[in-house]
Amino acid sequence: MRSQDVRLGMLVQVRRGSMEPGLRDRIGIVRHRFGSHSYSPFEVQFESIEYKPHELLWASEFEEW
């Protein structure tokens, strides 16, 4: 997914190629964008992960669900 296509509040699924193996295939909600619109990390909130409810991910690590 391209950074420009990400919208706050959208549901996303973490790709299997993500650097975070515990998050692969998880569904979350994009809550915040950091930096510029062309290249920025996003804060994604996961409801099913107790120890790590929020994670910073790059748009290339997830896809719209």
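The values are calculated or read from the model by the stated rules, or taken from the named source; none is laboratory data. Worth saying up front: this structure is predicted, and the values here are computed from it rather than measured. Backbone-built Cβ (ideal geometry, glycine too); neighbour counts: all protein chains shown. The accessibility values were calculated without ligands, DNA or RNA, using every heavy atom of the protein model including side chains. Shrake-Rupley method; radii C 1.70, N 1.55, O 1.52, S 1.80 Å.
Figures for the structure shown
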| item | result |
| --- | --- |
| Accessible surface of the chain, 1.4 Å probe, proportion on carbon and sulfur as whole % | 51 |
| For Arg26, residues with placed amide H under 5 Å, excluding near neighbours | Val14 |
| Loop trypsin sites (Lys or Arg not before Pro), the chain, which have at most 15 other Cβ atoms in a 10 Å radius of their Cβ (DSSP) | Arg2, Arg7, Arg15, Arg16, Arg24 |
| Added length on full extension, which subtracts the Cα-Cα distance from 0.36 nm per residue, Glu64 to Gln13 | 17.7 nm |
| Simple label model, 7 Å out from Cα along Cβ direction - Arg24 to Leu56, nm | 2.4 |
| Label-point separation in nm, Phe34 to Glu47, each point 7 Å along Cα→Cβ | 2.5 |
